[in-house]
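One structure is given below, encoded as structure tokens.
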Amino acid sequence: MDVVQDENTVLEESWHDHYGRIRLQAEHRNSCLLIKVGGEIDHLTANAFRDRVISHCGTSRRIILDLQDVTFCDSSGLGALVGIWKAAMAHDRRLVVSRPSPLCHRILERTGLDEHISISVTLRHAFARLSADHDDPRSAGTGRTARRRVS
């Protein structure tokens with residue numbers, strides 16, 4: 001694990017699955033854990049993705065899951081996102097899904113998960129939500145307040 005530090009950012013880890021289909025970059029920034037996700041979250045990668053993200057959740061009470069570079073997500077990926085959200089809630093962590101790709105946003109919206117998982121359309125907004133002086137993990141709110149139209 002390489003650690004690179006600049007001002008308010010510490011890069012903790014870059015990881016990809018052994019299929020080369022999904023990649024994560026975890027970094028601490030402004031007292032939050034930012035996990036950038038890219039690639040495909042499907043039946044081949046979902047379990048490793050979920051487990052890897054959950055293993056990082058112990059390092060911060062405030063977690064941003066950046067899904068901007070996710071190119072595919074099936075029902076297994078959706079299950080992984082639900083598992084991450086449940087683990088965060090069970091351990092009093094505040095989770096915000098930031099910049100979901102259009103595909104991920106549609107899936108979250110159509111399944112109603114955007115009613116439960118906090119969604120932010122920008123990283124700046126995600127950091128602002130988590131920087132609020134609230135300790136309740138549910139206080140990050142739901143994605144309905146920061147919705148965008150995705151066709």
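The values are calculated or read from the model by the stated rules, or taken from the named source; none is laboratory data. A quick note: this is a predicted structure, and the numbers were derived from the prediction, not measured. As a convention, Cβ positions derive from the backbone with ideal geometry for all residues, glycine included, and neighbour counts pool all protein chains shown.
Restricting the first member to segment 123-142 and to residues that are under 11 Å from residue 62 (Cα atoms) and of a type outside the set (Val, Ile, Thr), and the second to residues that are modelled with pLDDT under 55 and buried (at least 18 other Cβ atoms within 10 Å of the Cβ), the beta-carbon pairs closer than 7 Å and six or more apart or on different chains are 129/140; 130/140. Among the residues of segment 13-34, those that are modelled with pLDDT of 90 or more and either charged (D, E, K, R) or in a loop (DSSP other than H, G, I, E, B) (or both) comprise 20, 21, 23, 27, 29.
Restricted to segment 35-151, the set of strands (runs of 3 or more DSSP E) holding at least 1 residues that are crowded, with 19+ Cβ neighbours inside 10 Å, at pLDDT 95 or above and among the acidic types (Asp, Glu) comprises 62-73.
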